[in-house]
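The values are calculated or read from the model by the stated rules, or taken from the named source; none is laboratory data. Just so you know, these numbers come straight off a predicted model, no measurement behind them. Reconstructed Cβ throughout: ideal geometry from the backbone, glycine too, with neighbour counts over all protein chains shown. The accessibility values were calculated without ligands, DNA or RNA, using every heavy atom of the protein model including side chains. Shrake-Rupley method; radii C 1.70, N 1.55, O 1.52, S 1.80 Å.
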Amino acid sequence: QNDLIPGFVAYQRKRPLLASLIPWGTTDSDVVEYVTQTAVSSGAAETAEDTAATESEVTFATNTTNVREITHWIPVTKIAMADAGQIASIIDNELVLGVIDKLDTQLYSGSGTPPALKGITQYSGIGTQPLGGDTRPDALMKAMTTIAIAAGVMGQADYVGMHPIGVGAPAERLM
């Protein structure tokens, strides 16, 4: 009889990036409503004592989106379930990780055609910076500067997304 070493060697997965940046959860509805800030106009100004404050404006929009499901299942034999505790934990883990993997991909490049999610590459206004004759660090700095000085944007890029191939090999676009 073979000796069974406790534990197992897990399948190596890519680390989900986008899915870890965006809040997500469960709902009992077929449609989810959310709010986006569409514009800001700062009227902040120095004022003399006893002078009325200047007015600023913030505009919001209410959006709705249909709920999409990402599902899968794993067949298990009765023999494999003999060690129900360990195998159930492994299967639960794999099911959750599989969904997060697919969610991460959909958040980036989903087509938006049901049942697919609409990924960020399908929205207009997502910034790109041509590499041109710049080095990659220079192109990245140009992209971050463009974001920092864009009308209505207060601050800097929260996240920078680059494909590993674009970082290490010639590419038409940096991000």
Report summary line: Toy charge model, Lys and Arg Cβ at +1, Asp and Glu Cβ at -1: segment 1-90 dipole around Cα centroid in debye, rounded to 20, equals 1000 debye
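Not counting the cut sites, what is the longest span of the chain without chymotrypsin sites (Phe, Trp or Tyr not before Pro) that DSSP labels loop and that have at most 12 other Cβ atoms within 10 Å? Walk me through the numbers before you get to the answer.
On the way: sites that count: F8, Y11, W24, W73, Y123, Y159.
Looking at the chain, 74-122 is the longest stretch - no exposed chymotrypsin sites (Phe, Trp or Tyr not before Pro) with at most 12 other Cβ atoms within 10 Å.
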Report summary line: Those trypsin sites (Lys or Arg not before Pro) from segment 3-102 that are DSSP loop and have at most 15 other Cβ neighbours within 10 Å turn out to be R13, K14, R68, K78
Report summary line: Under the 7 Å Cα-to-Cβ spin-label approximation, R136 and D158 lie apart by a distance in nanometres of 2.5 nm
Query raised in the report: Quick one: accessible area per residue over the chain, 1.4 Å probe, rounded to a whole number of Å²?
Result: 80 Å²
Query raised in the report: With springs only between Cα atoms under 10 Å, which of T62, T135, T51 fluctuates most in a Gaussian network model of the chain?
Result: T51
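How big is the convex hull of the Cα atoms of the chain, per residue, in Å³?
It is 243 Å³ per residue.
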Query raised in the report: How far is helix 84-109 tilted, in degrees, relative to the longest principal axis of the Cα atoms in the chain, given as a value from 0 to 90 rounded to the nearest 10?
Result: 30 degrees
Query raised in the report: For the charge dipole of segment 27-127, defined by +1 on Lys and Arg C-beta atoms and -1 on Asp and Glu C-beta atoms about the Cα centroid, which residue among V99, G127, V76 has the Cα displaced farthest towards the positive pole?
Result: V76
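First select every other residue whose beta carbon is under 14 angstrom from the beta carbon of T27; then total the charges, Lys and Arg +1, Asp and Glu -1.
Values: positive: R68; negative: D28, D30, E33, E69.
Surrounding charge for T27 is -3.
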Report summary line: With Cα coordinates, the longest principal axis of the chain makes an angle with the long axis of helix 136-149, in degrees rounded to 10, of 50 degrees
Report summary line: Candidates Q37, Q156, Q12; GNM for the chain (alpha-carbon contacts under 10 Å) flags as most fluctuating Q12
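What does the charge dipole of the chain about its Cα centre add up to, to the nearest 20 debye, if the Cβ of each Lys and Arg holds +1 and the Cβ of each Asp and Glu holds -1?
Numbers: 10 positive and 19 negative charges, 188 e Å.
The calculated dipole for the chain is roughly 900 debye.
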Report summary line: Once both label points are put 7 Å beyond Cα along the C-beta direction, the S89-T38 separation in nm becomes 5.1 nm
Requested in this report: Pop out the carbon and sulfur fraction of the accessible area of segment 1-67 as a percent, whole number, probe 1.4 Å.
Outcome: 51 percent
Query raised in the report: What lysines sit close enough to K118 to cross-link, taking a C-alpha to C-alpha distance under 23 Å and skipping anything fewer than 8 places away on the same chain?
Result: K14, K102
Query raised in the report: Which value, in Å³ per residue, describes the convex hull spanned by the Cα atoms of segment 1-98?
Result: 231 Å³
